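The values are calculated or read from the model by the stated rules, or taken from the named source; none is laboratory data. Just so you know, these numbers come straight off a predicted model, no measurement behind them. Methodologically, a virtual Cβ is constructed for each residue, glycine included, from the backbone with ideal geometry; neighbour enumeration extends over all protein chains shown.
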Ligand code: ADP
């Protein structure tokens, strides 16, 4: 009996020894985290009646910070010491919040939600902060074995993605350059064809204008000839505007493929597509999505393009504004029911410099841009898309504080035919 007991203790010791060795020698950072303080905060929230934690975190971002402050690093391996630029292991122990930039807060919040939701693990790419304040890209993984979660202990793994990310950034830059070149060359071709088509009627207008002056300037003005020349001018003017209308129709018509969509899914999928821009510019994205919205009829690709364009504009506006850094680059995407058109309203709100009052009318015009390398086509295309969907798009400044709000509406999807009969 005694020897069986001694064996078990030996085995446990050997297993602990193996675990410690692995923990120390891995090329991945490992942290042992005491989560019990954070657990108490969450228990308190639940007692107060908070059932939707994700929503609570969105409405009270300070709570996520508090959870980080209450999550304590108990132990780290050697790799963590070099990865975070620490002089020794002990320096890294303590609350985790100092390693988390604001822009990565939602990843922490999601990992908490995953742990409480009984998921076995959580994994996401994010950015963390070294001790010197510099940030780096990591694959953050947290595993939640039930017995350790019950003891309030979590195991975190951090894989440094700096090199991978650098290669991806380079690839993205080359792709962006290519896309830009393609756009510019299409625009060049378009401009050349517009110039060619419109030049003819314009030249004819000038010729007819000169002719009509000559008929009028005669000692005996020939009013019939002058009238005929002016009529030709009008016809040429109408031809030119017809050409412009045709080109416009050609460039906006992209065979829409409408279907019923959940507006919240549409918006959050579009946000995922600009996740990279969000992280690169240290932006904190807040998805404030109303529950129980009706589906909308939309061409998914086109409307996602609108959302992405508004998000990228907002990110660029905040990136270009140094004063905005102090207040934090918060980007809120809001969905709400809209009574005016019996549908849904989507708003993208930033904390950038806002819109200059004298420019507000021009923002949606084609080729209006205040950016050195801008094309000024984004908002004009957004307007065509939203209006083709039976919605409305607008821009205004935030009523209080700094920032712009771009919003659009989409009508509620009609009930499938036959269902009302
Ligand atoms: P581009 O991005 O190429 O300039 P857009 O049509 O998308 O073209 O935008 C037109 C202009 O509207 C921008 O150059 C900028 O001046 C203004 N604008 C767009 N979004 C914002 C925003 N979120 N905050 C402030 N100004 C904005």
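Filtered by the rule that a residue be free of Cβ contacts under 8 Å to residues at least 24 places away in the same chain, closer than 21 Å to residue 29 by Cβ and surrounded by 16 or more Cβ atoms within 10 Å (Cβ to Cβ), the range 52-91 gives a lone residue, 81.
Considering only residues that are farther than 19 Å from residue 72 by Cα and outside any loop (DSSP other than H, G, I, E, B), look in the range 128-145 and name the one that is nearest to the chain's Cα centre (by Cα). Top of the filtered list is 137. In the range 249-271, the residue that is modelled with the highest pLDDT out of those that are part of a helix (DSSP H, G or I) and loosely packed, with under 13 Cβ neighbours inside 10 Å is 265. Scanning the range 114-134 for residues that are within 17 Å of residue 275 (Cβ to Cβ) and either buried (at least 16 other Cβ atoms within 10 Å of the Cβ) or touching a residue at least 40 places away in the same chain (Cβ under 8 Å) (or both) yields 122, 124, 125, 126, 127, 128. Listed by position, the helices (runs of 4 or more DSSP H) contained in the range 47-90 that have at least 1 residues being over 17 Å from residue 157 (Cβ atoms) and at pLDDT below 95 are 53-59, 61-69. Could you tell me whether the range 400-408 includes any residue that is near the ligand (Cβ under 9 Å from one of its atoms) and assigned to a loop (DSSP other than H, G, I, E, B)? Yes, the range 400-408 has at least one match. In the set (1) in contact (Cβ under 8 Å) with a residue 40 or more places away in the chain; (2) over 28 Å from the mean Cα position of the chain (by Cα), residue 150 fails one condition alone, (1). Of the residues screened, residue 278 is not one that is assigned to a strand (DSSP E or B), modelled with pLDDT of 85 or more and within 16 Å of the ligand (Cβ to nearest atom).
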